[in-house]
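Take a look at the structure below.
The values are calculated or read from the model by the stated rules, or taken from the named source; none is laboratory data. Here the structure is a predicted model, which is why all the values come from computation and not from measurement. Methodologically, a virtual Cβ is constructed for each residue, glycine included, from the backbone with ideal geometry; neighbour enumeration extends over all protein chains shown.
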Amino acid sequence: GQQLNQSPQSMFIQEGEDVSMNCTSSSIFNTWLWYKQDPGEGPVLLIALYKAGELTSNGRLTAQFGITRKDSFLNISASIPSDVGIYFCAGAFGNEKLTFGTGTRLTIIP
Amino acid sequence: ETGVTQSPTHLIKTRGQQVTLRCSSQSGHNTVSWYQQALGQGPQFIFQYYREEENGRGNFPPRFSGLQFPNYSSELNVNALELDDSALYLCASSTKTGVVETQYFGPGTRLLVL
């Protein structure tokens, strides 16, 4: 099945650094969502975006819905150890299924 | 905690067997979606149930089937298990109140097919 392209595939950063990741699609969506998944758990919703160009924050997390409706970006500022995990973007068109990205694995180097 | 629960948490089956996975949706949600997540991949949509009817299906064969009950809980059934069916199976609940719905995931059932 289709998966959205996420980059980078993995990141190794030091605590306190900022993180940027993005997600691109060949088709348009009218909803973009960002999830975080810890080992052995289901994805947890971080941020939801509903309008092209929208910029939304949730604490240290900021996400943007791309103007073309084919991409989205997630930034994490001043990373902390609990930010470790796999981040997934997901797009939806209307009330339909979520199409997920391939994931970005974030590791914090001590 | 999303309020979405799944059972069992882990399951081991052999090829050719059948399996039933269960999901209880978050209170107030009337829609359940099922996803398959292979190791190292993002979740893939299997199907969605809304008010006890299938409401959309992904690219999965008919041996993947489901049910939704009047209390909106749901089951995923997989017949004639294959090795490639080994994965984390996730359910997500939501409410169809408008154009957009936000899906909340359960912890998943990890299925291993030997």
Contacts under 7 angstrom Cβ, first residue in segment B:77-104 being charged (D, E, K, R), partner assigned to a loop (DSSP other than H, G, I, E, B) and modelled with pLDDT under 95, 6 or more apart: B:LYS96/A:ASN95; B:LYS96/B:ASN30; B:GLU101/A:ASN95; B:GLU101/B:THR95
Looking only at segment B:1-23, filter to residues that are in a strand (DSSP E or B) and charged (D, E, K, R); which one of those is nearest to B:ALA87 (Cα to Cα)? B:LYS13
Yes or no: B:GLY56 part of a strand (DSSP E or B), on the phi > 0 side of the Ramachandran plot and either without any contact (Cβ under 8 Å) to a residue 24 or more places away in the chain or not acidic (Asp, Glu) (or both)? yes
Looking at A:ALA63, A:ALA90, A:ALA48, can you tell me which residue is of a type outside the set (S, T, N, Q), facing another protein chain (nearest Cβ under 9 Å), buried (at least 18 other Cβ atoms within 10 Å of the Cβ) and farther than 24 Å from B:ASN59 by Cα? A:ALA48
Criterion (within 18 Å of A:TYR35 (Cβ to Cβ), in a strand (DSSP E or B) and of a type in the set (Ser, Thr, Tyr)) met by exactly one of B:SER93, B:SER65: B:SER93
Any idea which residue in segment B:1-34 is farthest from the chain's Cα centre (by Cα), counting only those that are free of Cβ contacts under 8 Å to residues at least 60 places away in the same chain and within 12 Å of chain A (Cβ to nearest Cβ)? B:GLU1
For A:GLU41, all conditions in the list (1) at pLDDT below 95; (2) over 13 Å from A:ILE86 (Cβ atoms) hold save one; what is the number of the exception? (2)
Check every one of the strands (runs of 3 or more DSSP E) wholly within chain A and list those with 1 or more residues that are among the aromatic types (Phe, Trp, Tyr). A:10-14, A:31-37, A:61-65, A:71-76, A:85-92
Can you pull out every residue in segment A:46-71 that is within 13 Å of A:ASN30 (Cβ to Cβ) and in contact with an Asp or Glu (Cβ under 8 Å, 6 or more places away or on another chain)? A:PHE65
Note: among B:GLN68, B:GLN26, just one is of a type outside the set (Asp, Glu) and crowded, with 21+ Cβ neighbours inside 10 Å, namely B:GLN68
In segment B:13-22, is there at least one residue being surrounded by fewer than 18 Cβ atoms within 10 Å (Cβ to Cβ), under 25 Å from A:PRO39 (Cβ atoms) and touching a Ser or Thr at 6+ places or on another chain (Cβ under 8 Å)? yes
Is it the case that A:ILE76 is touching a residue at least 12 places away in the same chain (Cβ under 8 Å), surrounded by 20 or more Cβ atoms within 10 Å (Cβ to Cβ) and over 28 Å from B:TYR49 (Cα atoms)? yes
For segment B:70-94, what are the residues that are at pLDDT 95 or above and aromatic (Phe, Trp, Tyr)? B:TYR89
What residue, of B:LEU90, B:LEU83, B:LEU76, is more than 25 Å from A:PHE93 (Cβ to Cβ) and among the hydrophobic types (A, V, I, L, M, F, W, C)? B:LEU83
